[in-house]
Amino acid sequence: MLELASQLVLILGKQHPSQLDEEDEELPELHESSEYDWILVDSAMDVVLGLSKALGTQFGEIWKLVGTLLIKYASSSEAVERSTSVGVIADCIKYMEEGCTPHTSVSFTL
């Protein structure tokens, strides 16, 4: 679980090796990086949402790692990033139930 969470943090923070701008001579058609980056980030948010549903009140430990990153997307200038992250945050709260209470004062005062 820790490895999965650390990969999610890298992806949501746009620091995963697949998101770093490295010239790849063999695949020049894949340099439409912003679209591919968003697909990866959106997929990572889906995984976060799935984990929150599966873990319920125990999701708080993962929320500590990804919550701040999701909140940053919620204040993005890009509408798709804002709407997607707000939906994921809302559903995470729904699935965490009372498990979200310890995180609300820290997370939502940013």
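Relative to the Cα centre, what is the charge dipole magnitude of the stretch 36-110, using +1 at the beta carbon of each Lys and Arg, -1 at the beta carbon of each Asp and Glu, and rounding to the nearest 20 debye?
Working: 5 positive and 9 negative charges, 31 e Å.
Here the size comes out at about 140 debye.
Residue separation times 0.36 nm, minus the C-alpha to C-alpha distance between ASP42 and LEU65: what's the value?
Length gained, ASP42 through LEU65: 6.6 nm.
Read-outs: derived from the displayed coordinates by stated rules, not from any lab. The structure presented is a predicted model; accordingly, all values stated were derived computationally and were not measured. All Cβ positions, glycine included, derive from the backbone under ideal geometry; neighbour counts span all protein chains shown.
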